[in-house]
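J.: Please see the structure below; I have some questions.
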Number of protein chains: 4
Amino acid sequence: MLIRIGYDIVFEMPAEIAVVALVNVHPSRVADLREPDTLILDPPSEVHCYNDTFGNRCCRFVAPAGKVRLSNSTLIHDSGLADAVNPRAREVPVQNLPTDVLRYLLNSRYCEVDRMSHIATELFGGVAPGWNRVQTVCAWVHDKVTFGYEFAHPTKTALDVFTERRGVCRDFQHLAVTMCRALNIPARYVTGYLGDIGVPASPTPMDFSAWFEVYLEDRWWTFDARHNQPRIGRVFIAAGRDASDVAITTSFGMANLKQFIVITEEVPEAR
Amino acid sequence: MLIRIGYDIVFEMPAEIAVVALVNVHPSRVADLREPDTLILDPPSEVHCYNDTFGNRCCRFVAPAGKVRLSNSTLIHDSGLADAVNPRAREVPVQNLPTDVLRYLLNSRYCEVDRMSHIATELFGGVAPGWNRVQTVCAWVHDKVTFGYEFAHPTKTALDVFTERRGVCRDFQHLAVTMCRALNIPARYVTGYLGDIGVPASPTPMDFSAWFEVYLEDRWWTFDARHNQPRIGRVFIAAGRDASDVAITTSFGMANLKQFIVITEEVPEAR
Amino acid sequence: MLIRIGYDIVFEMPAEIAVVALVNVHPSRVADLREPDTLILDPPSEVHCYNDTFGNRCCRFVAPAGKVRLSNSTLIHDSGLADAVNPRAREVPVQNLPTDVLRYLLNSRYCEVDRMSHIATELFGGVAPGWNRVQTVCAWVHDKVTFGYEFAHPTKTALDVFTERRGVCRDFQHLAVTMCRALNIPARYVTGYLGDIGVPASPTPMDFSAWFEVYLEDRWWTFDARHNQPRIGRVFIAAGRDASDVAITTSFGMANLKQFIVITEEVPEAR
Amino acid sequence: MLIRIGYDIVFEMPAEIAVVALVNVHPSRVADLREPDTLILDPPSEVHCYNDTFGNRCCRFVAPAGKVRLSNSTLIHDSGLADAVNPRAREVPVQNLPTDVLRYLLNSRYCEVDRMSHIATELFGGVAPGWNRVQTVCAWVHDKVTFGYEFAHPTKTALDVFTERRGVCRDFQHLAVTMCRALNIPARYVTGYLGDIGVPASPTPMDFSAWFEVYLEDRWWTFDARHNQPRIGRVFIAAGRDASDVAITTSFGMANLKQFIVITEEVPEAR
């Protein structure tokens, strides 16, 4: 399957500022690209790209005052398979986790593991460890939280989501991630593209999406507390402790968003 | 100058659990060691050490149920010089910062940069950038916050410190770190040894200490919002975004602290 | 001057529930009414009215399942004078305040006086006491906070407004009220009607408004951190510690708002 | 039964300030007094007493700079009966509650009903309404929260207690009160004397105590989430929405506590 992905984002900058953008597909998906995946800036500006400590592709540049447009469109090959489901995947005791996975057990800005450990233990401590426990967390969050763009709030944390029960994509994942970490299951927040492939088209405009991954058995597995069903065509951009680590753009100063278009569409394969 | 440093910590574990300890001196100080710096466990247990993504030396092990003692005593050479002071050190525009420094501008669990940016700008936005601005932040926190062990609270954040104006070592540094980041000055939280060398002896028992570092000009510089004066004999253990990244011990389960002794003393150099 | 005031509010109730409505003009304005001020329910239901401990007129009733409409339109005489301004009004030392005013110095749900006392003292402790200090608080909040209906959030507190700097009417007043109380100036939250009399018409639909009052010299005085200018034609409905005490409607169960129309218009006086 | 109650409290005041003290027994218990119940100030100062809107006896005075001592000792007759238990007491539908009880359903500073309603409903929404449901809330809080004076924190709210699971007397009651209100059961916070009558003597020094009351059937009933058992000899001082309404002393300025002695002892009745 081929998927066209892209974005067309316009900011109005009151003054020159530094920006870091996480808009490239993740290094793990680069081999699937069928067209270049290069951030185009208008006006043009020098872009310096690097991998952060989470392994994400980051691009930094200086945005001049005035309108700044970030765009790209590329084509990626996808297996066309839905998210893997493996009810036999076991939780790994902390002592057996790879060292680079340990940080995904800790607190982060929007995931207050320290404040939610009693809550998580009460709700899910009695569920048998393993895939099914993560799935139980995921379904619980999906069932209890109501989705709505009007519920977005830039500083909303997992505990806020737990009390309010309303939010956007990122809020669902933050709550599920925090619950998992509180149960000593490594969990990380993922941003990427997710189109409507295989499901009814959404009435809302496309956006980047968020989901989460947990480490079970010997690898990371995809879960999505927003949709709570295996989906086809996720394109992984970046993973981190929470949304603060993997914001699509981080502007070090004032930046007013003027346009935000995201494209994720299956395209027929040429014969 | 030679400094004897060490610790003798006892936990009572209700059940076997995994522990990560950050008790070794930082790799940058290993060359100064005059005796081995090895975590001793009683009962003995296999210890696996590694460097985390912040560059800190971490040791992980499985603590059995019952009493577990972590101890060591080592000798380290120190310049005997007080913390460097350089009023000419300039702030680096974000676009010129090394990429590995950028993460120290972001939010973290106890440093809610997003919630404190207006406050920091109002208080310090008008101060001329550079060393003196950081020193102004450091002195402000030092003056406004009252120290007391009874004010320690495990989930206290920088905003909490800002409203309460009371706390322990880590609280002072979290508030200062958050203010700096909100001003686009990279700041990181540091744990280490700090004795009474050159100052009146403290009436309270020794503890590990915390301070913070900011990136100015071309390197990290030491500041300490708790003491707000250059000190002699800091021994760097670990740096991270905040206390959550560099806890002395992180126990993945219940661990009851029974004894906590820390030693930091200048010793005469042998001729 | 005559002002037509009224409301037409429709809820969809999933089940029968008790409702308390604060929609009548305040007892202090009853003498100004030129038409009856009676809550009309559709479907009709028995309404029991009483004064709460703050002196507000409250009406309680049982709303049946299904659509429930609350409406009324009445005519009130107004002096046509703008809010009184008295720069000579003095702050009253707490020991000289009337006892029934003391409760307006305390904490309430959305006014965390305990968490904001250091902040208020730093910002306004150095301003000479009296009318001008309250006006300084009012102007500060007005200048620092950005208005927007999209920033409304049901659990937003004064401290949240202080960190976010965005909100609706009630948020401006909560922050100003909290600052005043932290300075030992009694302050209360007021809801009422406020039309566009004497100012450019607002592009947004009419709503109930909120302002606040402070006790100076020997009485309560009107301030409004949202508009920060004397206005004509305020019609006082209710006062309390904060928005929680004087919600237009408090539903003890699920109630889905379907329509919310508020009218406040000057009408020509008949000869 | 006769109980000697009293207090001997010393503050050091940096400057003259106004103080409100709630140290008299509640008007509902005045008929039981066998000795005068008068606040004694040293140095003497004029005391003005009044009833607040909750019906509590309050005394206000101006404390001069320097040491100020508040004391009294009085004798009160008590039935000697333990707190009434009535498993048949029913919850009253909100529409049938007396109007003066309604305010005990609302939010207050330390009882964030709005943030805890989903949590309360999940935990206790399925329990049959009535006495037993309140008792279930009370026992849940008692079981889940650990008592310790070192866990006291002046701004701790019910949600904080829910996440931390640690606290003092007032924290237990705040959490239980909030849960009840979220279930539409009127609940109020009570301060008073509670000695060791009928139970093993506590190793900690006497203090004022807190408990809570809920309105069931046709009256207020005593519950105590800290002890969770009927007790003998409670002497009611004051009730309010939460601790902020009924602080033993509220000082409108700096006041440093130097001594705090409370006495509650059964004394033999004279023949």
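J.: Tell me the total accessible area that B and A bury against each other, 1.4 angstrom probe, in square angstrom rounded to 100.
T.: 2700 Å²
J.: Averaged over its residues, how many other protein chain Cβ atoms are within 10 Å of peptide C:163-175's Cβ atoms? List each step's numbers first, then the result.
T.: On the way: counts 11, 6, 3, 2, 0, 0, 0, 0, 0, 0, 0, 0, 0.
Partner-chain Cβ atoms within 10 Å, mean over residues of C:163-175: 2.
J.: Need the list of aspartates and glutamates near A:K67 for cross-linking: C-alpha distance under 15 angstrom, and skip anything on the same chain fewer than eight residues off.
T.: Within the straight-line limit of under 15 Å, A:K67 reaches these aspartates and glutamates: A:D8, A:E12, A:E16, A:D42.
J.: Going by amide H atoms built from the backbone, whose H comes under 5 Å of the H on A:F223, apart from near neighbours?
T.: A:F212, A:E213, A:V214
J.: If you look at just the Cα atoms of the stretch B:99-187, how large are its Rg and its Dmax in Å?
T.: According to the Cα coordinates of the stretch B:99-187, Rg and Dmax are 12.4, 39 Å.
J.: Averaged across A:102-112, how many Cβ atoms of other chains sit within 10 Å of each residue's Cβ atom?
T.: 6
J.: Something else: Identify all lysines with a Cα-Cα distance to D:K144 below 17 Å; exclude those on the same chain that are fewer than 8 residues away in sequence.
T.: Reachable lysines: D:K156.
J.: Pull out a ≥ b ≥ c, the square roots of the eigenvalues of the alpha-carbon gyration tensor of the stretch D:31-104, then state rounded if a/c is under 1.5, prolate if not and a/b is larger than b/c, and oblate in the remaining case.
T.: In terms of gyration-tensor shape, oblate.
J.: In degrees, nearest 10, range 0 to 90: what is the angle between the Cα axis of helix A:113-124 and the longest Cα principal axis of chain A?
T.: Approximately 50 degrees, to the nearest ten.
J.: On average over all directions, what projected area in square nanometres does chain A have, based on the convex hull of its Cα atoms?
T.: Quarter of the Cα hull surface area: 14.7 nm².
J.: For chain C, give me the percentage of DSSP beta bridges that are antiparallel, rounded to the nearest 5 percent.
T.: Percent antiparallel among DSSP bridges in chain C is about 95.
J.: If you don't mind, another one. Place a point 7 Å from Cα of B:A128 in the direction of its Cβ. Which residues in the stretch B:174-217 have their backbone N less than 18 Å from it?
T.: B:216-217
J.: Could you state the number of Å between the C-alpha centres of the stretch A:87-156 and the stretch C:219-253?
T.: Using only Cα atoms, the two centres lie 42 Å from each other.
J.: Next question, about the same structure. In square nanometres, what is one fourth of the surface area of the convex hull spanned by the alpha carbons of the stretch B:193-249? Walk me through the numbers before you get to the answer.
T.: Working: hull surface 18.8 nm².
Over all viewing directions, the stretch B:193-249 projects a mean Cα-hull area of 4.7 nm².
J.: While we're on this one: Going by average Cβ density within 10 Å per residue, which order do the peptides C:157-167, D:87-97 take, highest to lowest?
T.: Ranked by mean Cβ neighbours within 10 Å, highest first: C:157-167, D:87-97.
J.: Between C:T155 and the same site in the other copies, what are the distances in nm, shortest first, taking label points 7 Å from Cα along the C-beta direction?
T.: Here the equivalent label points are 1.2, 1.4, 1.7 nm apart from this one.
J.: If you build the Cα gyration tensor of the stretch A:80-229 and take the root of 5 times each eigenvalue, what three semi-axes come out, in whole angstrom, biggest first?
T.: The answer is 24, 19, 14 Å, longest axis first.
J.: Here's a follow-up. Go ahead and estimate [θ] at 222 nm for the protein assembly as shown from helices alone: -39,500 (n - 2.57) per DSSP H run with n ≥ 4, summed, over the residue count, rounded to 500.
T.: -5500 deg cm²/dmol
J.: What nm distances, shortest first, do you get from the label point of C:P230 to those in the other copies when the point sits 7 angstrom along Cα to Cβ?
T.: With the label placed 7 Å along Cα→Cβ, C:P230 yields 6.0, 6.5, 7.3 nm.
J.: Grab the beta carbon distance between D:N51 and C:F260, set R0 = 25 Å, and tell me the FRET efficiency rounded to 0.05.
T.: According to the calculation, E is roughly 0.05.
J.: Can you tell me what the convex hull of the Cα atoms of the protein assembly as shown projects to on average, as an area in nm²?
T.: The number I arrive at for the protein assembly as shown is 49.6 nm².
J.: Let me ask something else about it. Got a number for carbon plus sulfur as a percent of chain C's accessible area, 1.4 Å probe?
T.: Its accessible area is 52 percent carbon and sulfur atoms.
J.: Report, as an integer, the average count of C-beta atoms from other chains found within 10 Å of each Cβ along A:114-124.
T.: 3
J.: Comparing the chain by itself with all protein chains present, which residues of the stretch D:27-70 are at least 50 Å² less accessible (probe 1.4 Å)?
T.: So the qualifying set is D:T53, D:R60.
J.: Considering Cα pairs under 8 angstrom that are at least six residues apart, work out the relative contact order of the stretch C:64-185 and quote it in whole percent. Could you put the intermediate results ahead of the total?
T.: Details: 116 pairs, mean separation 39.5, N = 122.
The value is 32 percent.
J.: Given a 1.4 Å probe, how much area per residue of the stretch B:121-243 is accessible, in Å²?
T.: 32 Å²
J.: Report relative contact order for the stretch C:1-143 in percent, whole number only (criteria: Cα-Cα under 8 Å, sequence separation at least 6).
T.: 29 percent
J.: Using a label point 7 Å beyond Cα on the Cα-Cβ vector, give me the inter-copy distances for D:A82 in nanometres, one decimal, shortest first.
T.: From this label point to the equivalent ones elsewhere in the assembly: 5.8, 6.6, 6.8 nm.
J.: Nearest 5 is fine: what % of DSSP beta bridges in the protein assembly as shown come out antiparallel, could you say?
T.: 95 percent
J.: Hey, what's the stretch C:1-64 come to in accessible area per residue, 1.4 Å probe, Å²?
T.: 42 Å²
J.: I've got another one for you. Amide H neighbours of C:V23 under 5 Å, counting only residues 5+ apart in sequence or on other chains, H built in-plane at 1.01 Å?
T.: C:C59
J.: Okay, moving on. Could you work out the relative contact order of the stretch A:195-239, using alpha carbon pairs under 8 angstrom and six or more residues apart, expressed as a whole percent?
T.: Rounded, it is 36 percent for the stretch A:195-239.
J.: Now, a different point. Just to be sure I understand the interface: list residues from the stretch A:231-271 that lose 20 Å² or more of accessible area between the chain on its own and the complete protein assembly, 1.4 Å probe.
T.: In the stretch A:231-271, residues shielded by partner chains: A:R241, A:S244, A:D245, A:F252.
J.: While we're on this one: What is the antiparallel percent of DSSP beta bridges lying wholly in the stretch B:121-214, to the nearest 5?
T.: Among the beta bridges of the stretch B:121-214, antiparallel pairing accounts for roughly 75 percent.
The values are calculated or read from the model by the stated rules, or taken from the named source; none is laboratory data. Nothing here was measured: the structure is a model prediction, and the numbers come from that model. Note that each Cβ is placed from the backbone with ideal geometry, even for glycine, and that neighbours are counted across all protein chains shown. Note: accessible area is taken over every heavy atom of the protein model, side chains too, but ligands, DNA and RNA are not part of it. Shrake-Rupley method; radii C 1.70, N 1.55, O 1.52, S 1.80 Å.
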